[in-house]
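Everything on this sheet refers to the single structure shown next.
The values are calculated or read from the model by the stated rules, or taken from the named source; none is laboratory data. All figures in this text were calculated on a predicted structure; none of them were measured in a lab. Positions of Cβ are generated from backbone atoms using ideal geometry, with glycine treated the same way; all protein chains shown enter the neighbour counts. Only protein heavy atoms, including side chains, enter the accessible area calculation; ligands, DNA and RNA are left aside. Shrake-Rupley method; radii C 1.70, N 1.55, O 1.52, S 1.80 Å.
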Amino acid sequence: MLHTITVVLNNRFSPYGLVNGDLIGDICKKASTSDPQLKYDFYVASLSENPASKDADILRLGEISLQTCQQNATSMDCLLVKLVFTEGKGKQDPKPYYPLKSCLGMYGGAIGFTNSAVYHFKIKDYNTTDTMLSAALVAPTECENRYKDSGLACPFTKENGVFFQLIRISLAIIHMVK
């Protein structure tokens with residue numbers, strides 16, 4: 001059976017044992033130490049970017065990170081829709097168009113998965129939240145693979161990397177909350 005220790009953090013109670021008052025730094029350090037794919041500086045910056053994170057507890061940071069994932073997936077989807085409609089017009093060669101459409105489909109799915117993750121997090125169903133985020137994590141990886149399989153360089157590798165990191169951040173927080 002898991003036992004938790006409750007400590008006071010900035011006049012809030014936390015069952016997660018983080019005590020130095022820098023909750024974001026503590027969470028990011030713990031997560032990046034246990035997950036080599038997480039970049040500590042990116043982690044801190046992405047959570048600190050939202051003004052609501054300043055006084056947030058770990059549950060609120062989880063909500064913030066999930067909302068950031070939702071926003072990022074939606075932004076990627078919008079970018080991909082725009083590219084599909086401009087790249088696909090009048091092109092004879094379907095080769096560059098295929099991975100683009102494939103990425104669009106994957107990010108469309110990622111939006112659904114992140115929306116579901118937010119819902120399940122709010123009702124404290126952390127196992128389903130984890131499952132939904134893990135499903136969303138497929139989008140950036142498979143998007144890169146589609147381009148690679150077509151013999152092309154992915155034009156949004158950086159954006160895929162950002163989404164990948166954002167999902168990993170949310171997963172790390174979910175694992176701490178579970």
Q | residue 135 vs. criteria small (Gly, Ala, Ser), in contact with a Ser or Thr (Cβ under 9 Å, 6 or more places away or on another chain) and over 19 Å from residue 61 (Cα atoms) | A | yes
Q: Inspect all residues belonging to region 74-91 and state whether any of them is among the basic types (Lys, Arg), at pLDDT below 95, open to solvent by 60 Å² or more (accessible area, probe 1.4 Å) and touching a helix residue (DSSP H, G or I) at 6+ places or on another chain (Cβ under 8 Å).
A: yes
Q) Being farther than 28 Å from residue 40 by Cβ, free of Cβ contacts under 8 Å to residues at least 60 places away in the same chain and among the basic types (Lys, Arg), is that true of even one residue in region 79-89? A) yes
(Q) Considering only region 163-176, I want to know if a residue exists there that is in contact with a Pro (Cβ under 7 Å, 6 or more places away or on another chain), open to solvent by less than 50 Å² (accessible area, probe 1.4 Å), part of a helix (DSSP H, G or I) and under 24 Å from residue 30 (Cα atoms). (A) yes
Q. Which residue pairs have Cβ atoms under 8 Å apart, sit 6 or more places apart or on different chains, and have a first residue in region 104-129 that is within 14 Å of residue 167 (Cα to Cα) and a second that is aromatic (Phe, Trp, Tyr) and surrounded by 15 or more Cβ atoms within 10 Å (Cβ to Cβ)?
A. 110/163; 129/121
Q) What number of residues within region 138-159 are in contact with a Ser or Thr (Cβ under 8 Å, 6 or more places away or on another chain) and free of Cβ contacts under 8 Å to residues at least 24 places away in the same chain? A) 1
Q) Which ones in region 1-45 are at pLDDT 85 or above and touching a strand residue (DSSP E or B) at 6+ places or on another chain (Cβ under 8 Å)? A) 23
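Taking only region 55-84 into account, find how many residues are touching a Ser or Thr at 6+ places or on another chain (Cβ under 8 Å) and either farther than 30 Å from residue 101 by Cβ or part of a loop (DSSP other than H, G, I, E, B) (or both).
If we filter region 55-84 for residues that are touching a Ser or Thr at 6+ places or on another chain (Cβ under 8 Å), which is where we start, we get 57-58, 60-62, 64-66, 68-70, 73.
From the residues that got through so far, the ones that are either farther than 30 Å from residue 101 by Cβ or part of a loop (DSSP other than H, G, I, E, B) (or both) too are 57-58, 60-62, 64.
Of the residues in region 55-84, 6 are touching a Ser or Thr at 6+ places or on another chain (Cβ under 8 Å) and either farther than 30 Å from residue 101 by Cβ or part of a loop (DSSP other than H, G, I, E, B) (or both).
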Q: Considering each residue of region 33-50, count those that are within 21 Å of residue 72 (Cα to Cα) and assigned to a helix (DSSP H, G or I), and give that number.
A: 9
